[in-house]
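Read through the structure below, which is laid out as structure tokens, and then see the notes.
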């Protein structure tokens, strides 16, 4: 689930959807595929689009599974 926001380039550990679905299309306008909630909120405010977050899910760094072999060095 963890991806980076394509606008601000920060790590985005939060997954969400927006209601109504048309709000996403009106705000994003095919410019980005992944937006963090902060960037989406700022763009929606600029566009004057009313929306509501739905299906919020988050994952902290400590909830991720450990690496398979922590002693293996990456080159």
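Only a single item in (1) part of a loop (DSSP other than H, G, I, E, B); (2) in contact with a strand residue (DSSP E or B) (Cβ under 6 Å, 6 or more places away or on another chain) is not met by residue 49, and it is number (2). If I filter segment 43-57 down to residues being out of contact with any helix residue (DSSP H, G or I) (no Cβ under 6 Å at 6 or more places or on another chain) and touching a residue at least 24 places away in the same chain (Cβ under 8 Å), which single residue comes out as surrounded by the most Cβ atoms within 10 Å (Cβ to Cβ)? Checked segment 43-57; the qualifying residue surrounded by the most Cβ atoms within 10 Å (Cβ to Cβ) is 53. Residues in segment 1-42 that are touching a residue at least 40 places away in the same chain (Cβ under 8 Å) and in a loop (DSSP other than H, G, I, E, B): 1, 2, 13. If you scan segment 1-42, which residues turn out to be surrounded by 11 or more Cβ atoms within 10 Å (Cβ to Cβ) and at positive phi? Result: no residue meets the conditions.
Throughout, read-outs are computed from the coordinates displayed, never taken from laboratory work. Just so it is clear, the model here is predicted, and its values are computed rather than measured. As a convention, Cβ positions derive from the backbone with ideal geometry for all residues, glycine included, and neighbour counts pool all protein chains shown.
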